[in-house]
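Participant: Got a structure for you, questions after.
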Amino acid sequence: SSREFQGVYATGLPEEQMKTPRIKGTSRYFLKTKKSRFVENVNRELDDGGPKISRKLKALGAKTIAQLPLLLKGQMIGILNLGLKSPRNFSENEKQILKLFADQVSIAIENARLYNQHRKIKDLQAVQKMGQALTASVNLDEDQVVELIHQEISSLMYADNMYIALYDADTDMV
């Protein structure tokens, strides 16, 4: 697959680490396997078919890494990478807890996406309502139309004040 994941948040990593997925990197591995990966020693190569740990990550002092796919309804929505600067052998219980945490992260991300979509729909509905109200205002004078515009804009977002300037072609003035 040619799909790659773009980093959206990182702490303790340089920004370029997030923005440049490697051709044979983690993204493709997880798209293919959808399985968690626990690298308990970044200096030892694993024979799991996964990507090599990047030199940049090693240079930042990572000794142990947990890489977990973020799955929602069986589909990949992202990857959670955790780097530890001290060696660690993950117990089966810790691995299971991290997998459950990754599941919760996936749900939280999807909830945030759904909330944003809902908010966009509500905004579009408000703009449509505003357009309908303004179109129906043919019997109003200019001051009433401006008041209606203020009311409709205020239903979208709070505005401390509003100013509308109209252009007069005869005087070439706004």
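Participant: When the residues of region 79-120 are filtered to those that are under 20 Å from the mean Cα position of the chain (by Cα) and among the β-branched types (Val, Ile, Thr), which remaining residue is most open to solvent (accessible area, probe 1.4 Å)?
Facilitator: Ile107
Participant: Taking the stated definitions as given, is Lys52 open to solvent by 40 Å² or more (accessible area, probe 1.4 Å), assigned to a helix (DSSP H, G or I) and at pLDDT 80 or above?
Facilitator: Criteria not met by Lys52.
Participant: Can you tell me which of Thr11, Thr20 is within 23 Å of the chain's Cα centre (by Cα), open to solvent by 40 Å² or more (accessible area, probe 1.4 Å), within 17 Å of Phe101 (Cβ to Cβ) and at pLDDT below 85?
Facilitator: Of the residues listed, the single one that is within 23 Å of the chain's Cα centre (by Cα), open to solvent by 40 Å² or more (accessible area, probe 1.4 Å), within 17 Å of Phe101 (Cβ to Cβ) and at pLDDT below 85 is Thr11.
The values are calculated or read from the model by the stated rules, or taken from the named source; none is laboratory data. Just so it is clear, the structure is predicted and the values come from calculations on it, not from any experiment. Glycine also receives a Cβ, built like all others from the backbone with ideal geometry; neighbour counts cover every protein chain displayed. Note: areas computed on protein heavy atoms with side chains; ligands, DNA, RNA excluded. Shrake-Rupley method; radii C 1.70, N 1.55, O 1.52, S 1.80 Å.
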